[in-house]
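Here's the structure, in structure tokens; my notes come after.
The values are calculated or read from the model by the stated rules, or taken from the named source; none is laboratory data. These numbers come from a predicted model, not from an experiment. Every residue, glycine among them, receives a Cβ derived from its backbone with ideal geometry; neighbour counts consider all protein chains shown. Just the protein is used for accessible areas: all its heavy atoms, side chains included, with ligands, DNA and RNA removed. Shrake-Rupley method; radii C 1.70, N 1.55, O 1.52, S 1.80 Å.
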Amino acid sequence: MLGLFSSSTRQVPQTHALPQHVAVIMDGNGRWAKKRFLPRVAGHKRGLEAVRQLVKTCVRLDIKYLTLFAFSSENWRRPPEEVTFLMGLFMEALDREVKKLHEANVVLKLIGDRSLFNEALQQKMREAEQVTAHNTGLTLTIAVNYGGRWDILNAVNRLLADKKDTVETISEADLAPYLSMPDAPEPDLFIRTGGETRISNFLLWQLAYAELYFTPTLWPDFDDAAFEAALTSYRQRERRFGRTSEQLSTDKGHA
Ligand code: IPE
Ligand code: IPE
Ligand code: MG
């Protein structure tokens, strides 16, 4: 019977515990800038400050995985100047931040289809991953040109390429190693800033049982107090993964 359940949702984490994995849609940069009569890109610049601060806080709190949505597969539809600015900002951030992340023992990973980025940016991404690969602290994953549907299809296609002649049907366990972030536990807490209550093609598979938290706070304003509020909300929730509340209090809900 147990084999039918997704392995990731078999164990119920302790209520009141901090999340192991936090995934964030950092939304609202453009509106933050507009409110101040600034160009949208000024909001992206300030958004990077909020990223720096959140990474520091996760390191301090000993949260193991932080995954940030920086650029979606749909964001290419934005005005070309904004896309170009964002590419420049990624490049600059990689140049300036990787050394500091390495010193903070952070493992930096990038997920998404990188083939559309220019070769210089792809090279910087590879270098950043290599430099930090053996660190043992926070795993910071940045999703760039990422889409949840792309992730699932990419996994299926890679699995097919490897196993076409040997399998007829596939299980979750077969697919899991081919999805993005195969070594991370699935996100416990999903945060979206900026007031929209949608997933926007973020981690569709991996968010199956995440606790969802939406806040109107615009991303550049998302400070420690705002993160604390999200963590407090998370810690008050009872995660059941299909069970009843009574089961959790009697048998701790395991297996
Ligand atoms: C999120 O902020 C950043 C990216 C998508 C790159 P937005 O740029 O979407 O800000 P709003 O939603 O227009 O305010
Ligand atoms: C989602 O934000 C993607 C990122 C934060 C990178 P968007 O602002 O692009 O989302 P939609 O299109 O409004 O749903
Ligand atoms: Mg937006």
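Checking S72 against (1) in contact (Cβ under 8 Å) with a residue 12 or more places away in the chain; (2) farther than 22 Å from Q122 by Cα, only one condition comes out false. Which one?
S72 satisfies all of (1) in contact (Cβ under 8 Å) with a residue 12 or more places away in the chain; (2) farther than 22 Å from Q122 by Cα except (2).
Could you please let me know if L218 is surrounded by 13 or more Cβ atoms within 10 Å (Cβ to Cβ) and closer than 25 Å to T15 by Cα? Show your work before the answer.
Working: surrounded by 13 or more Cβ atoms within 10 Å (Cβ to Cβ): yes; closer than 25 Å to T15 by Cα: no.
The answer is no for L218.
Restrict the check to segment 52-60 and report whether at least one residue is touching a strand residue (DSSP E or B) at 6+ places or on another chain (Cβ under 7 Å), hydrophobic (A, V, I, L, M, F, W, C) and under 18 Å from Y146 (Cα atoms).
No: zero hits.
Among the residues of segment 145-166, is there at least one that is closer than 30 Å to E103 by Cα and at pLDDT 95 or above?
Yes.
For segment 109-119, name all the residues that are under 17 Å from the mean Cα position of the chain (by Cα) and outside any helix (DSSP H, G or I).
Matches in segment 109-119: K109, L110, I111, G112, D113.
Of the residues V144, V106, V131, V98, which single one is within 16 Å of ligand 3 (Cβ to nearest atom) and within 27 Å of D62 (Cβ to Cβ)?
Selected residue: V144, the only one of V144, V106, V131, V98 that is within 16 Å of ligand 3 (Cβ to nearest atom) and within 27 Å of D62 (Cβ to Cβ).
For segment 163-186, which residues satisfy the criterion of being surrounded by 12 or more Cβ atoms within 10 Å (Cβ to Cβ) and of a type in the set (S, T, Y)?
Hits for segment 163-186 are Y178, S180.
Which ones in segment 16-57 are under 20 Å from F190 (Cβ atoms), more than 9 Å from ligand 1 (Cβ to nearest atom) and not aliphatic (A, V, I, L, M)?
Those that are under 20 Å from F190 (Cβ atoms), more than 9 Å from ligand 1 (Cβ to nearest atom) and not aliphatic (A, V, I, L, M): H16, P19, Q20, H21, Q53, T57.
Please pick out the residue among Q130, Q122 that is under 20 Å from the mean Cα position of the chain (by Cα), open to solvent by 50 Å² or more (accessible area, probe 1.4 Å) and away from ligand 2 (no atom under 13 Å from the Cβ).
Just a single option satisfies the conditions, and that option is Q130.
Hey, could you check segment 109-119 for residues that are of a type in the set (A, V, I, L, M, F, W, C) and either more than 20 Å from D151 (Cβ to Cβ) or at pLDDT below 95 (or both) and say which is least open to solvent (accessible area, probe 1.4 Å)? So that I can check it myself, show each step before the final result.
Let us first name the residues in segment 109-119 that are of a type in the set (A, V, I, L, M, F, W, C), namely 110-111, 116-117.
Remaining after also requiring either more than 20 Å from D151 (Cβ to Cβ) or at pLDDT below 95 (or both): 116-117.
Working: L116: 111, F117: 10 Å².
Looking at the filtered set, the residue picked out is F117.
When only residues in segment 187-215 that are within 16 Å of ligand 1 (Cβ to nearest atom) and of a type in the set (S, T, N, Q) count, which is least open to solvent (accessible area, probe 1.4 Å)?
T193
Any chance you could count how many residues in segment 221-230 are more than 18 Å from D27 (Cβ to Cβ) and surrounded by 17 or more Cβ atoms within 10 Å (Cβ to Cβ)?
0
When you scan segment 43-52, do you find a residue that is among the hydrophobic types (A, V, I, L, M, F, W, C), within 13 Å of the chain's Cα centre (by Cα) and within 30 Å of R240 (Cα to Cα), even just one?
Narrowing segment 43-52 to residues among the hydrophobic types (A, V, I, L, M, F, W, C): 48, 50-51.
Going one step further and asking which of them are within 13 Å of the chain's Cα centre (by Cα), we end up with 51.
Retained after the next criterion (residues that are within 30 Å of R240 (Cα to Cα)): none.
For segment 43-52, residues among the hydrophobic types (A, V, I, L, M, F, W, C), within 13 Å of the chain's Cα centre (by Cα) and within 30 Å of R240 (Cα to Cα): absent.
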